[in-house]
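Engineer: Input: one structure, supplied below.
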Amino acid sequence: MMKLTDKRRIEMMSVNNFTPKINTAMKPQLIERLTRYVKIHTTSDASSDTVPSTPQQWDLLRLLKDELTEMGLTEIILDDNGYLFATLPANIEKVVPVLGLLAHVDTAPDFNGKNVKPQIIEQYAGEEIDLLGSGDVLSPKDFPNLQKLVGHTLMTTDGTSLLGADDKAGIAIILSAIEFLQTHPEIPHGKIRIGFTPDEEIGRGADHFDVAKFAADVAYTLDGSVVGELQYENFNADEVTVHLFGRSVHPGTAKGKMVNAWERACAFQANLPPHLTPATSEGYEGFIFLRKIDGSLEHCQLHYALRDFTQQGLQASHQLLANAVQAYQQQYGEKSIQLEVHEHYRNMREKVEQHRYLVDLAEQVMIAQGVQPKIEPIRGGTDGARLSFMNLPTPNLFTGGENFHGKFEFVSIDVMNQSVGVIVGIANAFSQLTK
C-alpha cells in the first residue's frame, strides 16, 4: 500500500504536475463497444444459487476475454466463478503501485434486459426523445439533467428494455482507456490490472473475488453516474424479511377460523411509525424500503431494505422494525410473526479514508482534465464497498449513465469520453508514485 509520505506529496502536488488535458477522442470506439455489449443479455437473478447467477453472463465474459486477448493484454484469466482478470504491463521501469480498474457485466433484474435496441441521438438539442419501441418519451421535463447534455451524443433505450449502461458503460470506458494508453506509449504508466465481475446487481459481485489473485494495490470501480462523480462512501445496508403466519380455510366456511396473512401484512406495513422511504429521502438520509411482498395466505413475507450512512442510523431502523414486531406479537401471539436479518454491505468510507490519497489524486486529475469533481455519497452500493473491506480500497468514478434499471436509462457518450481521459490521467499520475 502507499506510504504516508506519498499521500502528503499527492495532496501538495499542483495539478500541472499531472498529465495535461488529453483529447482522448474515443467516441467512435465507445459507441461501437457499448452497442455490442448492451445487446448481450446479462441480467442477474437473486433467486439462483449458481455462480454466476445466470448463464447468459458467460456470453459477455467470453466475448470480453477474446477482446482482451486481441488487444494483446497479458495474465488473462477467466475463472470458474465468472471473474475475468487481465493486465496492461507497465511501460516504465520504476516500480509503482499496481492500479486496478473494475466494472461488472450483469444488469439489474428490476426491468427487462433482453433484446436491447439502443438508439443514438447525435448533437442532442434538448428536445423530447421518442423511444421508438414503446411509444414512451424521454423528456427533460421529467429528467431535467438532460438539459445539461445539449450538444452531446446520447445512447438511449427504445423503451422496451433497460439499456445496461450500468455497468457496460464502465466496461467500455476501461477498455477504451487501455486502448488509448496502448496507442500512446509516450504516456507513462505502471502496471494496470483489469477486472470484470458478475452479479453485482444482486449484491454478490465480491462473493468470490480473489483479491490476492487480482494483485492490485488499490482500485477504482467505473460504476458511477453523472460527470465528475467521485464517491468513496456508501450506504450501510441490511436486508430484513418479516414473516407473517396465517391459517388457510375454505372461504365458504372461514368465519372465525381463517387468518389471512396477506391482510395482516398490509396492516403491519400501514402501522409502522413514520420513517424515511426512498421517495422521501436524499443526501445523507437513510430509509426503510418495502421492496417486495410474496408468499401465501398462510405465510406472507415482507422484504425490507434498510439503508443508512451511519451504523447508529442503521441500528435505529432495525429497532423500529423490532418494536413493530414486538407490538404485533403482543396482539397476535409470539409465533404469529418472525424477523429475519441479513447483513448486506457496509460504508466503504471507513476503509478508503485510510488511503485518502486515492480520492485526492482522482480529484486533481479530474480538474486537470477539465472535469468538475462531484464528491458525494453513493445512495446505494458497489462492489468497491465490499472490496474495500477485503483490503482492496476502491472508490467509484463516473460513467455518464443516468436513470439506471429502467426504460428511461440513457448515457452520454461525451461524458464516457471524459471518463476515459480521467482514467488515462490517473494511470499517468500513478506512474509518479513510489510503492
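Engineer: Has region 159-171 got any residue that is among the hydrophobic types (A, V, I, L, M, F, W, C) and assigned to a strand (DSSP E or B)?
Structural biologist: No - not one qualifying residue is present in region 159-171.
Engineer: May I pose another question? Kindly provide the set of residues from region 351-384 that are over 24 Å from residue 420 (Cβ atoms) and in contact with a Phe, Trp or Tyr (Cβ under 8 Å, 6 or more places away or on another chain), ordered by number.
Structural biologist: Passing the criteria: 351, 353, 377, 379, 381.
Engineer: Consider residue 207 against the criteria (1) over 19 Å from residue 42 (Cβ atoms); (2) in a loop (DSSP other than H, G, I, E, B); (3) open to solvent by 40 Å² or more (accessible area, probe 1.4 Å); (4) in contact (Cβ under 8 Å) with a residue 40 or more places away in the chain: it satisfies all of them except one. Which criterion is unmet?
Structural biologist: Going through (1) over 19 Å from residue 42 (Cβ atoms); (2) in a loop (DSSP other than H, G, I, E, B); (3) open to solvent by 40 Å² or more (accessible area, probe 1.4 Å); (4) in contact (Cβ under 8 Å) with a residue 40 or more places away in the chain one by one, residue 207 breaks only (1).
Engineer: Can I ask one more? So which residues in region 11-35 are farther than 20 Å from residue 369 by Cβ and either surrounded by 15 or more Cβ atoms within 10 Å (Cβ to Cβ) or at pLDDT below 95 (or both)?
Structural biologist: Selection gives 31, 33, 34, 35.
Engineer: Filtering region 139-158 down to residues that are touching a residue at least 24 places away in the same chain (Cβ under 8 Å) and in a loop (DSSP other than H, G, I, E, B), which residue is surrounded by the most Cβ atoms within 10 Å (Cβ to Cβ)?
Structural biologist: Applying the filter and picking the extreme gives 157.
Engineer: Quick one: is residue 216 more than 29 Å from residue 350 (Cβ to Cβ) and open to solvent by less than 40 Å² (accessible area, probe 1.4 Å)?
Structural biologist: For residue 216, the condition - more than 29 Å from residue 350 (Cβ to Cβ) and open to solvent by less than 40 Å² (accessible area, probe 1.4 Å) - is not met.
Engineer: Could you please give the count of residues in region 345-361 that are touching a helix residue (DSSP H, G or I) at 6+ places or on another chain (Cβ under 6 Å) and part of a helix (DSSP H, G or I)?
Structural biologist: So the count comes out to 5.
Engineer: Being aliphatic (A, V, I, L, M), at pLDDT below 95 and open to solvent by less than 10 Å² (accessible area, probe 1.4 Å) is true for just one of 321, 433. Which residue is that?
Structural biologist: The match here is 433.
Engineer: Now for a separate question. Can you run down the residue pairs with Cβ atoms below 6 Å, 6 or more apart or on separate chains, where the first is in region 232-260 and over 18 Å from residue 278 (Cβ atoms) and small (Gly, Ala, Ser) and the partner is open to solvent by 20 Å² or more (accessible area, probe 1.4 Å) and assigned to a strand (DSSP E or B)?
Structural biologist: 246/259
Engineer: Next up: What's the total number of residues in region 237-255 that are polar (S, T, N, Q) and not in a helix (DSSP H, G or I)?
Structural biologist: So the count comes out to 2.
Engineer: Okay, moving on. Say we look at region 366-406 and pick out the residues that are surrounded by fewer than 21 Cβ atoms within 10 Å (Cβ to Cβ) and of a type in the set (D, E, K, R); which of these is farthest from the chain's Cα centre (by Cα)?
Structural biologist: 374
Engineer: Restricting to region 331-344, count the residues that are open to solvent by less than 90 Å² (accessible area, probe 1.4 Å) and assigned to a strand (DSSP E or B).
Structural biologist: 5
Engineer: Another question, if that's okay. For region 256-288, how many residues are outside any helix (DSSP H, G or I), among the polar types (S, T, N, Q), farther than 14 Å from residue 337 by Cβ and open to solvent by 80 Å² or more (accessible area, probe 1.4 Å)?
Structural biologist: Residues in region 256-288 being outside any helix (DSSP H, G or I), among the polar types (S, T, N, Q), farther than 14 Å from residue 337 by Cβ and open to solvent by 80 Å² or more (accessible area, probe 1.4 Å): 0 in total.
Engineer: Mind checking whether some residue in region 100-119 is outside any loop (DSSP other than H, G, I, E, B), open to solvent by 10 Å² or more (accessible area, probe 1.4 Å), farther than 27 Å from residue 383 by Cβ and at pLDDT 95 or above?
Structural biologist: Yes, that holds for at least one residue.
Engineer: Yes or no: residue 328 of a type outside the set (Asp, Glu), crowded, with 17+ Cβ neighbours inside 10 Å, out of contact with any Leu (no Cβ under 6 Å at 6 or more places or on another chain) and at pLDDT 95 or above?
Structural biologist: yes
The values are calculated or read from the model by the stated rules, or taken from the named source; none is laboratory data. Everything quoted here is computed from the prediction, not taken from an experiment. We place every Cβ from the backbone using ideal geometry, glycine too, and count neighbours over all the protein chains shown. Side chains included, ligands, DNA and RNA excluded: accessible areas come from the protein's heavy atoms. Shrake-Rupley method; radii C 1.70, N 1.55, O 1.52, S 1.80 Å.
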